[in-house]
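Right, one structure below, let's go through it.
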Protein chains: 2
Amino acid sequence: MKDTYTLPAAADFHVHLRDGAMAEAVTPTIRQGGAEVAYVMPNLVPPVTTVAAALAYKERLQNIDPSVTYLMTLYLHESITPEVVKEAKKAGISGIKSYPAGVTTNSSSGVISYEPFFPVFKAMEEEGLVLNLHGEVPSDRKGITVLNAEASFLPTLQDLHRRFPKLRIVLEHCTTADAVAAVRSCGDTVVGTITAHHLSLLVDDWAGNALCFCKPVAKTPADRRGLLEAAVNSRGKFFLGTDSAPHDVSAKKGSKAAAGVFTQPYACQYVLAALEDAIERGDIKDEDVTEEFLRGFLGEWGRKFYGIAESNRKIVLKKGGEVIVESIKGAGVEVIPFRSGEPTWSVEWQ
Amino acid sequence: MKDTYTLPAAADFHVHLRDGAMAEAVTPTIRQGGAEVAYVMPNLVPPVTTVAAALAYKERLQNIDPSVTYLMTLYLHESITPEVVKEAKKAGISGIKSYPAGVTTNSSSGVISYEPFFPVFKAMEEEGLVLNLHGEVPSDRKGITVLNAEASFLPTLQDLHRRFPKLRIVLEHCTTADAVAAVRSCGDTVVGTITAHHLSLLVDDWAGNALCFCKPVAKTPADRRGLLEAAVNSRGKFFLGTDSAPHDVSAKKGSKAAAGVFTQPYACQYVLAALEDAIERGDIKDEDVTEEFLRGFLGEWGRKFYGIAESNRKIVLKKGGEVIVESIKGAGVEVIPFRSGEPTWSVEWQ
């Protein structure tokens, strides 16, 4: 790897920006992480289930940082109908996000069975809206745990792809070699996003450490290697969606820590650091990390999948130029970023 | 199951009582949990590696609660020689505990390779000292994680048993169906302890909850079922060692929570509650939970293995008689017990 990369501005195809004071605190960090596009998750409280709510939310985010392009996705919910899909398309909304009920942060309004949504998926396929899948089956304390929740969801992904072969589907935040294989087994309309933190974390990291706990949980060394290989050999099938998920420091303490790793301010930096570590570990080869790959994974491939114009801004990534801040503070909120206090790459905008 | 059981006083064959203020706070809770025998772990700072240190530690515990029988085990360390084994036997020390280096709380002085200890094991075999094994291979971030650390250790258990067939070995705090099978594959000199909390916890419980995080970590529903079946079908091969591990509440917050679940004050109560839940779930049958099993698992089988006299005190366990306290407080220490605030069984001493 080189010590400096000059790349097109990145695009982050899975972010949680929250609302109110938290949004005020974290939205300005998108550009710090090298991204100018943010694909914004709809799991507010209440969830973003209408076009009007999505447009109003987008406007609030634009007021915080107008230099970022916000792509909106609705929360899949019984109130979403084929008519809503058409309306969403007209309003420039990019997709609809499915959360299985109860799986992660603010997913209590989520999906239990997909079949009632088949007419919606049909309309999405026709209109060209993207289906964003949180690909986990809810834990049932009998057979499904956080460890096999993603693998158990994969037949559903493949079934949806068979039923709606032209529907563009994103399996979000893939965490297992099985998920990678399932996405690869599908046609061109199915892709996967990979987070920065899952390129470096293992189950051992979130054992006893709430700051590294997220859903889906990080898994085994073989799974991490599968993600790294998927990324570098992707050719567009996998690209970055950080799933940056800010929680106030208070929600990360105590006996029920909120799930989510906050990576927004160092999105590209974490990816480069994870790639360096993976080379050192032997999971990938130095020659795997080409500029073509970095341009693609960090933005171009996602832009192409979503039909977004190429960037005309550039970022310069330099090795070892920065130390990750202890926390990001806002009005009554404080968020600790992943790997706080550690040295990392720097990002400069040209 | 019945609503009331009158049983011989229990014996807890794996406890962490710490020292100083923490020992003052938690030692008086042994009897509350129904036990009159406590097999005391040696991982103090510095670890208990000499007979003199073990006897002095035992005396400190006796000063706190003289009504409990404390069985002592040394910390396996390069300073332990065959001569120390003989001295330990004469001093009434029961065993020697092996911690693989770096695996859990205060294990930094632990074992890296077993071969240098073969003369010690030979002496233990001859003298009749018990080898207590923390059966995990240290995580290496390549192939070994907290999930397969125990399974990866099992060949070592079987190798030690082959080399020292008369050496009594306890595989402590078994957490997997694989561990149960490995213990069963060995002869009568090899047994396993099972904690109260591993009879109910799953990986999902410690995901984001430091109070349920311990080493070895709780694993899958199939593993939990394996432990429950091992317990009820044990006939002496498996018995209770709670691995109650108190940590001050401050050590359970933040990004690096200490490993350990505190169960001492409700040792028997948690076991009964876990058995009730397992019956309801269908993991075991109601008729599996006989009085003979309860007497054996909670004390008799362990006493027999260690050659301890039977109890002449009785405890009465009653269903639903108590609520688990929010915390146990001492001089500058506060420990939150497992399932604090939940209803549980009561224990009365006859």
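The values are calculated or read from the model by the stated rules, or taken from the named source; none is laboratory data. All values reported here derive from a predicted model rather than from experimental measurement. Note that we place each Cβ from the backbone using ideal geometry, even for glycine, and neighbour counts take in every protein chain shown.
A few notes on this one:
- Strands (runs of 3 or more DSSP E) wholly inside segment B:1-59 that include at least 2 residues being out of contact with any helix residue (DSSP H, G or I) (no Cβ under 6 Å at 6 or more places or on another chain) and over 21 Å from B:E172 (Cβ atoms): B:4-8
- Test: residue in segment A:111-125 that is of a type in the set (S, T, Y) and within 29 Å of A:T81 (Cα to Cα): yes
- Scanning segment A:80-101 for residues that are closer than 17 Å to A:E115 by Cβ and of a type in the set (S, T, Y) yields A:T81, A:S98, A:Y99.
- Among the residues of this structure, A:I64 counts as one that is in contact with a Pro (Cβ under 7 Å, 6 or more places away or on another chain), surrounded by fewer than 19 Cβ atoms within 10 Å (Cβ to Cβ) and touching a residue at least 12 places away in the same chain (Cβ under 8 Å).
- Residue check for B:P116: away from chain A (no Cβ under 13 Å) and in contact with a His (Cβ under 7 Å, 6 or more places away or on another chain): no
- Boolean, B:F305 is at pLDDT 95 or above, within 30 Å of A:G143 (Cα to Cα) and aromatic (F, W, Y): no
- Residue count for segment B:137-192, restricted to those that are within 14 Å of another protein chain (Cβ to nearest Cβ) and either polar (S, T, N, Q) or part of a strand (DSSP E or B) (or both): 6
- Given (1) surrounded by fewer than 16 Cβ atoms within 10 Å (Cβ to Cβ); (2) more than 19 Å from A:P119 (Cβ to Cβ); (3) without any contact (Cβ under 8 Å) to a residue 24 or more places away in the chain, index of the condition A:R162 fails: (2)
- Residues of segment B:315-350 that turn out to be in a strand (DSSP E or B), within 14 Å of chain A (Cβ to nearest Cβ) and on the phi > 0 side of the Ramachandran plot, as a count: 0
- Condition met for A:N106 (within 14 Å of chain B (Cβ to nearest Cβ), out of contact with any Lys or Arg (no Cβ under 7 Å at 6 or more places or on another chain) and closer than 24 Å to A:K256 by Cα): no
- Subset of segment A:193-208 [facing chain B (nearest Cβ under 8 Å) and either outside any loop (DSSP other than H, G, I, E, B) or within 16 Å of A:Y270 (Cβ to Cβ) (or both)]: A:L202, A:V203, A:D204, A:W206
- Subset of segment B:308-341 [in contact with a strand residue (DSSP E or B) (Cβ under 6 Å, 6 or more places away or on another chain) and over 22 Å from B:A9 (Cα atoms)]: B:S327, B:I328, B:V335
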